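Read the figures in this text as sums done on the coordinates, not as results from a lab. Computed from a prediction, not measured in an experiment: that's the story for all the values here. Reconstructed Cβ throughout: ideal geometry from the backbone, glycine too, with neighbour counts over all protein chains shown.
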Amino acid sequence: MSHPTPPRSDDRRRDSAGDAVARPLGGGERVRAMPEPPSGLPTDFARGHSRWMLGAVGVVALVMSLAVGRWVATLYRISDNRRQVQLVLTQLQALANSQQALAELAVQGGDGARTITDRSDDNVREGIAALGTIDQSEHAGDALIPIVDAERAYRLAVTKEFDLIAGNDLGTATAVLNGEVKHDYTELSQLLRDGITAHEDAALRSRKLADASTILALFVAVAVMVFLASQLTRARKHAAAMTGERTRSRNSEERFRSLVQNSSDVITVIERDTTIRFVSPAAERVLGYLSNNLLDSRLSSLLHTDDRARALTLLSDASQRPGVQKPAVWRVRHADGRWLYMENVATNLLADPTVGGIVLNTRDVSERMLLEQQLTHQAFHDSLTGLANRALFRDRVEHALARDNRKAASGVAVLFLDLDNFKAVNDSLGHGEGDRLLVGVSERMVECIRAADTGARLGGDEFAVLIEDAPDIGTIVAIAERIVAALQLPFVLQGKPVAVGASIGIAQASSEQGAGDLLRNADVAMYTAKSRGKGRYEIFQPEMHAAVLARLELEADLRHAVERGEFRLHYQPIVELGTGALSGLEALCRWQHPEKGLVSPATFIPLAEEMGLIVPLGRWALLAACTQARAWQERHPGAQGVSVSVNISGRQLLNASLVEDVASALRSSGLGAESLVLEITESVIMHNTDETLHRLKDLKSLGVRLAIDDFGTGFSSLSYLQRFPVDILKIDKSFIDGFGAGGNDSALVRTIIALSDTMRLRTVAEGVETAEQADELRSLGCILAQGYHFARPMAPADVDKYLMREEALVS
Ligand code: C2E
Ligand code: MG
Ligand code: MG
């Protein structure tokens, strides 16, 4: 498939509405990618949030554990310090105790007491110094000041005692011992005991607090760890779930993208004003446009003008209502200019942030639509002529009447048309030619009607015309006349001119009349036109109904008449003009109707032909006439050379069984073939075919004679008749009627007789009613005649009498 070169994007054409028009497909361009869905799902936020929270908890836990650790360490240090202080104080107590013992010993004369005391004095001083360092940070020094002071006082008292002892003042020394020393010792001991107890309690309290804090810290740590672990597990699970979800989402997105890219439907995202925002690559295959070239153009610019308003209304409706709309079909222009029927399903996704437009799923349904149109056309049109069929015609009539009812005067009329000679053509020339004839008729009919009128073929050789808005009956009649005249002209079938003609019934709509009534009235008028001589039109009159009904009744009766044996043959003599002698007898059929009496063949023969009853009726007439003639020949010696003429209809001639029917009638009656004349009307011979000619030759070969009946009415020339194996020419009554009226019928008859003589044909003048006519014919050289002047058609019994009278005359 070749595509036109793509124009540049800036020279995008604009249609009359000013819409940007999509450019057709160009090579090598790529379709715009699908819009990406926004990254970051709502769950990401939750995930980030929990991470922050966990971090914060971790930091707080760390800070707390550091603080608690520091606090516990401090408590333990305090406890240790107190314990050390307690220890030093205990040592000081012991030292004070031993000092006191030494002080007391020294009074009793111990020499080394002073040295020991000095040494312990140093110990005490170290201990006190150590106390200072231990307790400094805890401000315990203040608590030790009284002890240090007491110890200093006690030491001064002991030094005083030892100095007195050294000065051998034992008495004063003893007094100092018992006084100052003991007092200071007691005070120091008390202070030391209090200090030891206080520091022991403090050490114990600190330790307990430290222990409790440790346990609490441990507990808190475990709780935090459990919390963190659970949070971690949750976070992990969440992360796994998120990963799965993202994978799924990515997969589904890829699947969606793939579906859109590969869908056979064209998927288009448009804005409210039909501006195309996205179109799937299928647009290239279906519509011949490169997707990129459609972007930013208006969808409306691609729509068929007849469909545009409807499509835009539908799209506007779709933009008002969220969700999926019902499918709608409209025509879209293909890049190559064709119009495609596209079925569209609009989905309003304007509120969906990932789409933000109206999504159209579009598929090419052109084939389906064409098929539907074809089927619809077939359902309402005649396949042969393309005219409306009965169903559509009736529908049009109904609509016309519905419209017409609102007006004062009716302008609606129906013409009902039936071909006069179709069956004969169809039977003789075959269905192919019959079809060609019907097409020809439809063409001529359509040429005669106005564009606003509807021509229809109702079936077979029945046609109809619906006339609307006719100003008067004159217009309607003019149309009918035109059609009758057009169909009177012969058609050329198989290279020969064939006249068919048509009878038309006209019915005008009157108020409160349905389509059925109107069609029936037109049909009745057509029937009437047929019965009044064919090749004409009749305007419906209410009284026609009765006549048509009577005819329909007759048809029903005729059907049974053959079985019931209601037919009779009457015989009319054919005489020699010169002598008046009987030459032959023409068998003329009569219908003895149980109620109506004798019915004329002019009434029932055409009916029997139309109904296909003529073949069995003709067969019966042949046998009856032959049998009767044979009987007369046997009964009346004078009737030996008398022949019997039997009328053969055109339909019989087309029937292959005719030759056998004739042969069998001759056989079973015993009548000689030379005594049988078969009369065939001129019009039947006119519509001859090779088949007719063959049949006539076959009949001739049986030995029977052939007569052309009603000669002069069928416009055939004598030279034309030369082709046929005919023996007798029966000049039609209408020529004889014209004798003596100042016309030139005598001259015509003279010519016919003269030419017949040269062709060795015998002539019979039909319908001779007067002696003048007989004389005229005689003078013109006519040999044979038939008519009321000589004898009327008679029942067989009367013929017997006639024959006997003849015999009597001869003898
Ligand atoms: P046709 O074959 O031309 O028969 C002659 C018709 O002229 C007969 O009418 C006859 O009664 C009538 N006729 C004879 N002389 C006169 C006359 O002097 N004045 C007038 N006014 N009429 C005269 P009929 O019997 O009514 O038959 C009419 C037509 O019916 C026949 O015309 C023939 O075409 C047809 N027909 C009659 N019997 C048969 C039949 O058995 N088979 C077929 N196929 N057609 C038949
Ligand atoms: Mg006849
Ligand atoms: Mg005749």
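Helix 796-810 axis versus longest C-alpha principal axis of the chain: approximately 20°, rounded to the nearest ten.
Scanning residues 5 or more positions from VAL500 or on other chains, those with amide H under 5 Å from its amide H are PHE491, with H placed 1.01 Å from N in the peptide plane.
Beyond 38 Å, what share of the Cα-Cα pairs of the chain remains, rounded to the nearest whole percent? Result: 71 percent of Cα pairs exceed 38 Å. Using only alpha-carbon positions in the range 452-531, the gyration tensor eigenvalues give semi-axes of 26, 14, 12 Å once each is multiplied by 5 and square-rooted (largest first). From the Kirkwood radius over Cα pairs of the range 298-357, Stokes-Einstein at 20 °C and 1.002 mPa s returns a whole-number translational diffusion coefficient of 175 µm²/s. Using a cutoff of 8 angstrom between alpha carbon atoms and counting only pairs six or more residues apart, the relative contact order for the range 572-679 works out to 28 percent. Excluding same-chain neighbours fewer than eight residues apart, the lysines reachable from LYS182 by a Cα-Cα span under 18 Å are LYS160. By how many degrees, 0 to 90 and rounded to 10, does the Cα axis of helix 658-669 deviate from the longest principal axis of the chain? Roughly 50 degrees between the two axes.
Counting each pair of different Cα atoms once, what's the Kirkwood radius of the range 637-782 in Å, rounded to one decimal?
Values: mean 1/r = 0.0620 Å⁻¹.
One decimal place: 16.1 Å for the Kirkwood radius.
When Rg and Dmax are taken over the Cα atoms of the range 341-440, they come to 24.3, 78 Å.
Taking θ as phi - 60° and the Karplus parameters 6.51, -1.76 and 1.60, the scalar couplings of the range 696-703 work out to 4, 5, 4, 5, 4, 5, 6, x Hz in sequence order, x denoting glycine and proline. In order along the range 462-472, the Karplus-derived 3J(HN,Hα) couplings, from 6.51 cos²θ - 1.76 cosθ + 1.60 at θ = phi - 60°, round to 9, 10, 8, 10, 9, 10, 10, 6, 6, x, 7 Hz, and Gly and Pro are given as x. The antiparallel fraction among DSSP beta bridges confined to the chain stands at about 70%.
Near the amide H of GLY357, within less than 5 Å, lie the amide hydrogens of LEU349, LEU350, ASP352, all on another chain or at least 5 residues away, with H placed in the peptide plane.
Near the amide H of VAL279, within less than 5 Å, lie the amide hydrogens of VAL269, all on another chain or at least 5 residues away, with H placed in the peptide plane.
Normalising by residue count, the range 715-811 has a Cα convex hull of 131 Å³ per residue. Taken along its principal axes, the alpha carbon cloud of the range 468-601 reaches lengths of 66, 44, 30 Å, longest axis first. When you filter the trypsin sites (Lys or Arg not before Pro) in the range 231-340 for DSSP loop state and at most 14 other Cβ atoms inside 10 Å of their Cβ, you are left with ARG272, ARG338. Rounded to the nearest 10 degrees, the inclination of helix 473-488 to the longest alpha-carbon principal axis of the chain is 70 degrees.
Extension gain for the segment THR603 to LYS496, taken as residue separation times 0.36 nm less the Cα-Cα distance, is 35.4 nm to one decimal. Max-minus-min Cα coordinates of the range 204-329 on each principal axis give 104, 30, 25 Å, with the largest extent listed first.
Classify the range 727-783: rounded, prolate or oblate, from the alpha-carbon gyration tensor (a ≥ b ≥ c, eigenvalue square roots; a/c under 1.5 rounded; otherwise prolate if a/b is larger than b/c)?
Prolate shape, in that a/c is at least 1.5 and a/b is the bigger ratio.
Expressed as a whole percent, the proportion of Cα-Cα pairs in the range 229-293 lying more than 13 Å apart is 72%. P(r) for the range 323-363, please, calculated from all Cα pair distances in 10 Å bins and given in %. Answer for the range 323-363: a P(r) of 30, 38, 26, 6 percent.
Residue-wise HN-Hα couplings along the range 509-526, as the Karplus relation 6.51 cos²θ - 1.76 cosθ + 1.60 with θ = phi - 60° gives them from phi, are 6, 10, 4, 6, 10, x, 4, x, 4, 4, 5, 5, 4, 5, 5, 4, 5, 5 Hz; Gly and Pro carry x.
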